[in-house]
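Please read the structure below before turning to the comments.
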Amino acid sequence: MQQDTQNDAALAIGQRLAEIRNGKSQGAFAEELGIHKNSLGHYERGNRVPDAAVLLKLVEMGVSANWVLTGEGTKDAKGSREALTQDIEKLRKLDEEFALIPGYNVQVAAGHGSLAGDESPTRELAFRRKWLRYRGLHEQDLALVFAKGDSMEPTISDNETVMVDTSERKLRDGHIYVIRNGDHLLVKRIQTLWNDGVQLLSDNKEYPPQEISSTDLESLEVIGRVVWVGKDL
């Protein structure tokens with residue numbers, strides 16, 4: 001029920017954005033907002049919600065951010081110039097403090113192989129930029145996906161969100177990676193071998209290691225290293 005409510009809210013925001021666009025092409029309006037046309041399409045279809053930078057642009061255009069997000073009040077940003085300046089500053093600070101990392105409706109198999117789903121962003125999660133800098137992470141390299149299965153228990157549980165750093169594609173001993181093998185995405189811990197091959201290890205010891213020879217490594221695509229796991233307590 002909560003997910004349905006969130007989807008309805010995102011769709012309503014998208015409809016209000018289309019109303020603001022008022023017949024202008026998506027490409028032209030997206031350029032005014034400083035975003036890609038595909039991003040605007042996601043917003044208008046309710047797949048994603050606009051981030052603080054987009055809301056800031058709308059406010060600068062004279063559109064009420066509150067109306068865009070809630071539908072309440074008037075579409076035009078009315079009030080004193082001082083109040084408008086304060087709204088812009090709040091949005092700017094929000095954008096400076098948080099980065100929105102794209103999430104994909106993709107399952108990576110922590111168990112047996114799982115087919116990848118739609119590889120277009122379907123959601124976003126906010127992370128403090130300070131935390132990302134502390135970890136040495138760059139937001140443009142990060143993506144969120146779902147784990148499926150129990151072979152990486154207790155480190156990664158079924159249906160948990162994992163963050164992948166797609167700039168980390170060199171396999172390093174002891175780290176966890178998302179790897180594509182044909183149509184399947186796997187999440188496994190890596191152990192390098194003396195013969196230049198690797199073992200794909202499961203943290204759940206009920207699953208045996210999978211040895212990959214140096215020759216077979218060429219057929220694998222390393223998507224990136226797992227750098228964060230979302231845990232429900």
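The values are calculated or read from the model by the stated rules, or taken from the named source; none is laboratory data. Please read all numbers here as calculations on a predicted model, not as lab measurements. We place every Cβ from the backbone using ideal geometry, glycine too, and count neighbours over all the protein chains shown.
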Flag if S64 is under 18 Å from L94 (Cβ atoms) and of a type in the set (S, T, Y): yes
So is S214 surrounded by 15 or more Cβ atoms within 10 Å (Cβ to Cβ), more than 26 Å from E124 (Cα to Cα) and assigned by TED's automatic domain parsing to the domain that holds N105 or not? no
Selection within the range 161-200 - hydroxyl-bearing (S, T, Y) and touching a Gly at 6+ places or on another chain (Cβ under 8 Å): T161, T166, S167, Y177
Name every residue in the range 173-198 that is charged (D, E, K, R) and farther than 16 Å from E218 by Cα, in order of residue number. D173, K188, R189
I'd like the full set of residues that are of a type outside the set (V, I, T) and touching a Leu at 6+ places or on another chain (Cβ under 6 Å), limited to the range 18-56. Q26, A30, Y43, E44, G46, D51, A52, L55, L56
Determine whether the range 87-108 contains at least one residue that is charged (D, E, K, R) and either at pLDDT 85 or above or in a loop (DSSP other than H, G, I, E, B) (or both). no
Go through the range 151-210 residue by residue and tally those that are crowded, with 16+ Cβ neighbours inside 10 Å, among the hydrophobic types (A, V, I, L, M, F, W, C) and over 22 Å from the mean Cα position of the chain (by Cα). 5
